[in-house]
Amino acid sequence: MGKTKKTRKFAVTKKIISTKDTRVKSVADKAKAKAEKEAEKAKPKQVEQAISSLFFQYNTQLGPPYHILIDTNFINFSIRNKMDMVRSMMDCLLAKCIPCITDCVMGELEKLGHKYHIALQLAKDPRFERIPCDCKGCYADDCIFQMAKQWRCFIVATCDKELRSRIRKLPGVPSMYITNHKYTVERMPEAFGAPR
């Protein structure tokens with residue numbers, strides 16, 4: 001008895017899923033990402049509302065009495081340079097100034113311990129206005145930046161270069177810092193202590 005010849009039936013092959021089939025996981029992920037991109041493009045663009053108090057880069061909301069948001073290191077440097085904060089601010093701006101301290105800055109001063117107890121006592125001065133903030137124990141610089149961005153009616157007093165560079169990006173928010181044992185205001189035309 002001989003071997004029977006097995007002939008392959010025509011057009012009957014093993015069924016293989018195409019690489020472009022949506023059941024393949026990588027293809028499904030790509031299709032999903034593409035659909036999300038198209039949906040995002042279709043959404044209307046969110047444009048931030050312009051601040052009505054700005055006249056080009058000049059902030060018309062700023063005027064005497066000036067409200068000045070104070071950072072921790074600004075208080076420490078003022079004490080080191082033996083400067084009376086309120087009087088020096090008045091000498092710089094030639095107007096009444098109200099120093100303001102947020103809860104985060106007070107918390108940071110309390111955390112610094114006994115070494116900075118003079119700065120803490122100075123911050124508790126009745127001439128300083130205490131501003132409550134909504135942030136729960138966040139970094140003081142972020143708190144000050146958010147306050148300045150939200151209200152645009154403060155001058156930010158800090159000696160921190162990083163915070164000053166962040167404040168510079170906000171239009172209409174001047175910053176105050178210490179140079180040559182006196183206060184200087186940046187981006188404010190009527191300031192006496194502004195660098196020439």
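The values are calculated or read from the model by the stated rules, or taken from the named source; none is laboratory data. Please read these numbers as outputs of a predicted model, since none were measured by experiment. Neighbour counts are summed over all protein chains in view; Cβ atoms, including those assigned to glycine, are modelled from backbone coordinates with ideal geometry. What goes into the accessible areas is simple: the full protein's heavy atoms, side chains included, and nothing from ligands, DNA or RNA. Shrake-Rupley method; radii C 1.70, N 1.55, O 1.52, S 1.80 Å.
Rolling a 1.4 angstrom probe over the protein chains, ignoring ligands and nucleic acids, what is the accessible area of ARG168 in square angstrom, nearest 10?
Around 110 Å² of this residue is reachable by solvent.
Projecting each Cα onto the charge dipole of the chain (Lys/Arg +1, Asp/Glu -1 at the beta carbon, about the Cα centre), which of SER18, GLY113, ILE131 comes out farthest on the positive side?
SER18
Per residue, what volume in Å³ does the convex hull of the Cα atoms of the range 38-134 enclose? Display every interim value, and only then the final one.
Working: hull volume 17.0 nm³, N = 97.
Cα convex hull per residue, to the nearest whole number: 175 Å³.
What is the distance, in nm, between label points placed 7 Å from the Cα along the Cα-to-Cβ direction at LYS136 and at ARG168?
3.6 nm
Which number comes out as Rg/Rh for the chain once both Rg and the Kirkwood Rh are worked out on C-alpha atoms?
Values: Rg = 31.1 Å, Rh = 21.0 Å.
Result: Rg/Rh = 1.48.
By per-residue mean of other Cβ atoms within 10 Å, what is the highest-first order of 147-157, 85-95? Could you put the intermediate results ahead of the total?
Values: 147-157: 20.5, 85-95: 18.1.
The most tightly packed comes first, giving 147-157, 85-95.
With both bridge residues required to lie in the chain, what share of the DSSP beta bridges run antiparallel, to the nearest 5%? All intermediate terms of the calculation are to be shown ahead of the outcome.
Numbers: 7 of 20 bridges.
Taking every DSSP beta bridge within the chain, about 35 percent pair in antiparallel fashion.
I'd like the carbon and sulfur percentage of the solvent accessible area for the chain, probe radius 1.4 Å, heavy atoms only, ligands and nucleic acids excluded.
On the way: 7930 of 14250 Å².
Carbon plus sulfur share of accessible area: 56 percent.
Taking just the alpha-carbon atoms of the range 105-194, what radius of gyration and Dmax come out, in angstrom?
For the range 105-194, the Cα-based Rg and Dmax read 13.9, 39 Å.
If packing is taken as the average count of other Cβ atoms within 10 Å, what order do 17-24, 120-127, 69-76 fall into, highest mean first?
Working: 17-24: 9.5, 120-127: 13.4, 69-76: 24.0.
In decreasing order of mean packing, 17-24, 120-127, 69-76 become 69-76, 120-127, 17-24.
Any idea what the dipole of the range 59-196 comes to, in debye rounded to 20, about its Cα centre with Lys/Arg Cβ at +1 and Asp/Glu Cβ at -1?
Dipole size: approximately 280 debye.
For the range 105-188, report the accessible area per residue in Å² (1.4 Å probe, heavy atoms, rounded to an integer).
Details: 4790 Å² over 84 residues.
Result: 57 Å² per residue.
Over all distinct Cα pairs, what is the inverse of the mean 1/r for the range 20-70, reported as the Kirkwood hydrodynamic radius in Å?
Computed over Cα pairs of the range 20-70, the Kirkwood hydrodynamic radius comes out at 16.0 Å.
Report ARG130's accessible area, 1.4 Å probe, all protein chains in place, as a number in Å² to the nearest 10.
130 Å²
Going by Cβ distance under 4.7 Å, what cysteines of the chain have no possible disulfide partner?
CYS92, CYS97, CYS100, CYS133, CYS153, CYS159
Would you be so kind as to identify which of PRO44, THR4, ALA33 lies farthest towards the positive end of the dipole of the chain, taking Lys and Arg as +1 and Asp and Glu as -1 on Cβ and the Cα centre as origin?
The one lying farthest along the dipole's positive direction is THR4.
Tell me, in nm to one decimal, what length is gained between THR22 and ASN180 on full extension, where the rule is 0.36 nm per residue of separation less the Cα-Cα distance?
50.0 nm
Residue by residue through the range 169-183, what is 3J(HN,Hα) from phi via Karplus (6.51 cos²θ - 1.76 cosθ + 1.60, θ = phi - 60°)? Round to whole Hz and write x for glycine and proline.
6, 8, x, x, 10, x, 10, 10, 8, 10, 9, 6, 6, 8, 7
Run the quick spin-label model on ILE51 and ILE79: label points 7 Å from Cα toward the beta carbon, then report their separation in nm to one decimal.
My value for the distance between the label points is 3.1 nm.
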